[in-house]
Each structure stands twice: as structure tokens, then as C-alpha cells.
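The values are calculated or read from the model by the stated rules, or taken from the named source; none is laboratory data. Everything quoted here is computed from the prediction, not taken from an experiment. All Cβ positions, even for glycine, are placed from backbone atoms using ideal geometry, and neighbour counts span all protein chains on display. Ligands, DNA and RNA are stripped out before the accessible areas are found, and what is left, the full protein with its side chains, is counted by its heavy atoms. Shrake-Rupley method; radii C 1.70, N 1.55, O 1.52, S 1.80 Å.
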Amino acid sequence: MGIHTFPFSFFKDLNMEFNPSDHPRASTIFLSKSQTDVREKRKSLFINHHPPGQTARKCSSCSTIFLDDSTVSRPDLKCTVKCVALAIYYHIKNRDPDGRMLLDIFDENLHPLSKSEVPPDYDKHNPEQKQIYRFVRTLFSAAQLTAECAIVTLVYLERLLTYAEIDICPANWKRIVLGAILLASKVWDDQAVWNVDYCQILKDITVEDMNELERQFLELLQFNINVPSSVYAKYYFDLRSLAEANNLSFPLEPLSRERAHKLEAISRLCEDKYKDLRRPTRKRSASADNLTLPRWSPAIIS
């Protein structure tokens, strides 16, 4: 029996098929890492029946319909940033216990973001979810970034962890998140934020450090900054699932007459836009006297 050998690139491509940041069918890493905590929360709720202070959930009825304004094309900024911060929190909390490689460019002790002295145990204590949210919110607010940029940030973060085979931990989470936001804002937003602008937000960081962070982040991503629409949609809906499981549901508001007219107008616009695509084509019958043959045209691949 012969032994088949495969090049290293074969196994690398095979692993990339299971990378959630590249393929829509692969499960997002943050949602998988959150499952343990979600199960524990549900178990606690089952034992205690109802947690203190839990509010009744809004449900639609015949007289009132509750909707949130967040959609896959226009996500709610505040809720999306909260969900992304929560996803990062689960990444750090449920990281590989054996530890993985820590790259110098992301080490906050080697590249501090402020002039304040880095505590000796900076790499020992996991940040709280609120701390992560404040850090991300500050950058998004100061740079006026969009909710879509937050989703792309999470895609780049998980792609980095997969490609570079590293973990996000207390020692490097700020610089990894900063690098992902820096890259996502340039790729996604029409009005990109320059590296020097981030130096105005983080007063003690230098432009040279930002440039080097961006360069190495890109190299670790193998310059793959493409985010397919199917992958983007998957991350959006998985973030909504994460929010639902952690009681961070998007705010529901009763459907008003004005909003109903607006939704109807949008629906009509989309219907008119794709009406021609749904229109069935007429088939021409062929006869011996007038035989219609198909004409082939060269394909244009963009």
C-alpha cells in the first residue's frame, strides 16, 4: 500500500476552512467560548427560579408590535459595541489554560499605551467586561466610528488569533483590540482615521508605534483584510445571540405609525429594485424553420 504525502499548504488550507473569520459555516470562536458561562447562568436561574431584579420581557401583541432599530445593514452602535466588548471578555476569560505564544508587539509592558507605570501583575488579572467596554467605547466615540466597524473589528481579532495562533490575555488585549480597530476603521469606514489621530486619543502613544502595530497586524493576517458579506452577517447574528444569552438584548420600542410608514417605504423601494430580477423569462420555442440557438458570451469575472 502506497503512502500519500501532502504538502504543508494542503493542511494549512484545510485548517482555514474551519476559520470563522473566513468561512460563513464555521462557528464563531467567541460564541463557542461563551457557552460554558451561559450554561452556568441557566443552571443558576433554574435553581433560583428567577434572579433578583429581573424585568419582564416585552412581547408583541395584536395591538402593539415591538421592534428594535438594529439591522444587519444598520446595527445599533451602543448595543453592538457592548456585544463586541462582551465577546472579547469571553475570549480572555476562557482562553487556553496552557497558554500560547505572546508576541512582543502586543505586550503592553513592552509597548505601554500610557506613561503610567505598568503594574507587576499586569498579566495576571482578567479585565472586567465594563473595563473592556470603556476602552472600546472611548476609541469609537472619539474617532466617530460606526457599528459596522465594530463587527469587522471582531472579525479581524478572531482572524488574528487563528492565523497567528496566539491568545488574547490580560497582557495584550488592549493592543490587539487597538490594532483591530485601527485596521477595521481604514478598511470599512469611508472617512478613515489616520494613525496620528489615534495619537490624539491615546496621548502617550507615538505615531511610530501605531505604524509598527498596523504593519505587524497586517503581516500576521497575511494581508487578508477581506470580509465576505456572509461572514459579516454571521458575526452580526451571533452577536445578537450572545446579547440574548447574556440579557443584553437590543432595546425594543413600540412600532409607531411613522416607523411603520418608513419600513413600508423601504420595503417598497427594495421590491422595485429587485422586481426585474424576479421576473420570469419567456422561453422561445424552436422550430425546424426558425431554430433559435443559444448564444455564448465571454464571462467577465470581477
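For the pair ASN247 and LYS93, label points projected 7 Å from Cα toward Cβ lie 1.3 nm apart.
A straight line joining the Cα centroids of the range 156-195 and the range 200-225 runs 9 Å.
Can you pull the percent of Cα pairs in the range 77-246 with separation above 27 Å?
Values: 2593 of 14365 pairs.
Of all Cα-Cα distances in the range 77-246, 18 percent exceed 27 Å.
Put ASP189, ASP98 in order of accessible area, highest first, and with a 1.4 Å probe you get ASP98, ASP189.
Rolling a 1.4 Å probe across all protein chains gives LYS93 an accessible area of roughly 90 Å². Over all other residues within a Cβ to Cβ distance under 15 Å of VAL196, the charged ones net out to -4, with Lys and Arg as +1 and Asp and Glu as -1.
Subtracting the Cα-Cα distance of ARG257 and ASP76 from their residue separation scaled by 0.36 nm leaves 63.1 nm. Among the GluC sites (Glu not before Pro) in the range 144-176, those placed in a DSSP loop whose Cβ has at most 13 other Cβ atoms within 10 Å are GLU165. The residue among VAL187, ILE168, GLN131 whose Cα reaches farthest toward the positive pole of the charge dipole of the range 77-246, with charges on the beta-carbon of Lys, Arg, Asp and Glu, is GLN131.
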